[in-house]
Amino acid sequence: MKKIVFITPPDARYGFSLAGVGQVVPAREELPKTLLELTGDPAIGIVVIDERLVDAPVQEQLAETERAWPGLVVVLPAPEITAQPAEDYALRLIREAVGYQVRLTL
């Protein structure tokens, strides 16, 4: 069975490893070399790259790799970071005590 390897930036260092999936966290300048090494390994069948690492030179290398390599190269969309409003401490305590959300107007 072929392996799946994820190439991610440092902020996702432990995410895929915790799930038992192969993960590589190269420096940006090492990404082309890392991609060549992974696609040269006969045990690897799928390489997934975080889209935050894909720039113009890497995009060209991916196009060449897709033509020549029998495996699959996938670009993973970056996670959206949305700012969550901070929950008011008093409202959280009331919700926990009462058991449902209470809307207070002051």
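If you take the residues of the stretch 50-106 that are among the acidic types (Asp, Glu) and assigned to a loop (DSSP other than H, G, I, E, B), which of them is modelled with the lowest pLDDT? Outline the logic, then answer.
Just the residues of the stretch 50-106 that are among the acidic types (Asp, Glu), to begin with: 50-51, 55, 60, 64, 66, 80, 87-88, 96.
So of that shortlist, the ones also assigned to a loop (DSSP other than H, G, I, E, B) come out as 55, 80, 87-88.
Working: Asp55: 86, Glu80: 71, Glu87: 62, Asp88: 68.
Here the residue is Glu87.
When the stretch 31-40 is examined, which residues are found to be surrounded by fewer than 17 Cβ atoms within 10 Å (Cβ to Cβ) and either among the charged types (D, E, K, R) or touching a helix residue (DSSP H, G or I) at 6+ places or on another chain (Cβ under 6 Å) (or both)? Outline the logic, then answer.
Filtering the stretch 31-40 for residues surrounded by fewer than 17 Cβ atoms within 10 Å (Cβ to Cβ) gives 32-33, 36-37, 40.
Residues satisfying the conditions are Pro32, Lys33, Glu37.
Looking at the stretch 1-30 only, could you name the residues that are at pLDDT below 85, of a type in the set (A, V, I, L, M) and surrounded by fewer than 18 Cβ atoms within 10 Å (Cβ to Cβ)?
Scanning the stretch 1-30 gives Met1, Leu18, Ala19, Val21.
Sort out which residues of the stretch 45-56 are over 11 Å from the mean Cα position of the chain (by Cα) and surrounded by 18 or more Cβ atoms within 10 Å (Cβ to Cβ), and write them in order of number. Even if it seems obvious, please write down each step before you answer.
Initially, the stretch 45-56 is screened for residues over 11 Å from the mean Cα position of the chain (by Cα), giving 45-47, 54-56.
Correct list: Val47 only.
Can you tell me how many residues within the stretch 1-27 are in contact with a strand residue (DSSP E or B) (Cβ under 7 Å, 6 or more places away or on another chain) and part of a helix (DSSP H, G or I)?
Residues flagged as in contact with a strand residue (DSSP E or B) (Cβ under 7 Å, 6 or more places away or on another chain) and part of a helix (DSSP H, G or I) within the stretch 1-27 amount to 3.
The values are calculated or read from the model by the stated rules, or taken from the named source; none is laboratory data. Owing to the predicted nature of the structure, the values given are computational and were not obtained by experimental measurement. Backbone-built Cβ (ideal geometry, glycine too); neighbour counts: all protein chains shown.
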